[in-house]
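Just below is one structure, and these are the notes that go with it.
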Amino acid sequence: MDADVKGSALFFDSHSLDDDEWKSRDRALLFLWEHRDHYVRPAGVAAHPAKTKPRVNIIGPTYGNFNSYSDLHELKRLVAGIGAELNLVYPFEARSYDTPHLADADATIVMYAEYGKSLAREVGLPILYGPIGLEQTTAFLTQLGDVLGLRAEADAFIALEKQTTLAAWQDIWKSTHSDFFANAPIAIVAPPTYKDGLEAYLGGELGLPVVLSAYRTGAESSPNEEIRVALRELSPSPMMVFGSINERMIIAQEKLPALFMQSSFPGAVVRRATGTPYMGYAGAVWLLQVVCEGLFDVLFANLPTSAVPPVKVEVPTAELLASAPGVVAQSGKGRNSAIAWTDEAKELADVTLKRVPFFVRVSVNKKLKAEAEELARARGTDVDRAVVEEITARYAPGR
């Protein structure tokens, strides 16, 4: 990073290719603060606005972060909701010459636990972190209200949110969806902010079983192969995997019966709209909706279906077939004939069913049985291991 200074230039080597990316960003933000006296505000650029309300910094949002636009938008909404104003969104909406004005705020929100803490500590203001879920957001607002001398305003805003933003949450929660949460396992592989936040909210508050939780980045990151093995051997398999493109490829390669939800970069997802937050009260609603949609997707993907209603037909006997000119008699595997299952096929089917989330297991059982027997009839064989393997390969509706 080069920065214009008084008659010279500063150079910062991030070591981003040699070190952890988040450590590099943390050092870069601290570097900017340490050299804050060197930056020159260009002539004609307006001075930093005077303070009229309690002010808050938001440190962290930069390019290359998952969901920055939506989560930043929600944090801004929460800050404004309790009657405070933004000082700097740093570095996303600031210039190098704004850096000294970080000290003009009354509190700092570190948006990501992965980096930004070093700068926040040096600035020396009270520090809060971006919240995920109802409990974290409520605690965040009350703490911010206490720090800024706006506790009454924070309490009033929380009460208003329960009647507005969270009315949708109540509507979803009171429906039948939540009855299935205890039988809808999920896996999470993401950076600390999203990994810990999703685990606390989806697992702790909503009650979904978190069968795997691992860090995607930093020194504590779990290697891809360890995650692959863990996901492959989980029984039951997670209904939904929150992760990066790495987990999406694992789902496809291992043919796991799991839906995919982007919760980390790298990934083939574009997030520039502000309507898909993970943080704050709006994020709690969005994530609850995502989970409920996932329940329907899993159920739909595993419903036993048929293109046309079964038609009962008379199955010709072996004698009639043998007497027909030009027809060779075969062992009967007609549409309505009973199909035998080999022991190997039964065992493999049982293993497959144990990997499927409990609440759709009955539907999957019916679907697997119908499709396996249909394939066996078409081949004129019993249901053997090869037939079941071909059918179970279809049970991977990852997205």
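Derivation of every value follows stated rules applied to the coordinates shown; laboratory data play no part. Bear in mind that the values here come from a model prediction, so they are computed numbers and not experimental data. Here Cβ is always computed from backbone atoms with ideal geometry, including for glycine, and neighbour counts include all displayed protein chains.
Here are a few things to note about the model shown:
- Taking a straight line from the alpha carbon of Lys195, these aspartates and glutamates sit under 13 Å away, with near neighbours fewer than eight places off in the same chain left out: Glu114, Glu220.
- Two-site FRET efficiency, Thr52 against Ala9, from Cβ-Cβ distance with R₀ of 35 Å, rounded to 0.05: 0.45
- Since only Trp286, Gln253, Gly267 are under comparison, the one whose Cα sits farthest along the positive direction of the charge dipole of the range 178-298, derived from C-beta charges on Lys, Arg, Asp and Glu, is Gly267.
- Of Lys51, Lys174, the sequence from fewest to most neighbouring Cβ atoms within 10 angstrom is Lys174, Lys51.
- Taking a quarter of the surface of the Cα convex hull of the range 169-301 gives a mean projected area of 8.0 nm².
- Chain lengthening between Glu93 and Val270 when straightened (0.36 nm per residue, less Cα-Cα): 61.7 nm
- Sorted by Cβ density within 10 Å, fewest first, the residues Met249, Met279, Met261, Met111: Met249, Met261, Met111, Met279
- Segment Val40..Gln170, full-extension length gain: 41.7 nm, with 0.36 nm per residue of separation and the alpha-carbon distance subtracted.
- A simple spin-label model places the labels of Ala159 and Ala393 6.3 nm from each other, with each point 7 Å out along Cα-to-Cβ.
- In this simple spin-label approximation, Ala182 and Ala378 carry label points 7 Å from Cα along the Cα→Cβ vector, and these lie 4.1 nm apart.
- Ellipsoid semi-axes in whole angstrom, largest first, where each is sqrt(5λ) of the Cα gyration tensor of the range 42-162: 23, 17, 13
- Leu198, Leu150 arranged by Cβ crowding within 10 Å, fewest neighbours leading: Leu150, Leu198
- Based on C-alpha pairs under 8 angstrom that are at least 6 apart in sequence, the range 1-159 has a relative contact order of 23 percent.
- Residues Ala370 and Asn224, FRET efficiency given R0 of 35 Å [Cβ-Cβ distance, rounded to 0.05]: 0.45
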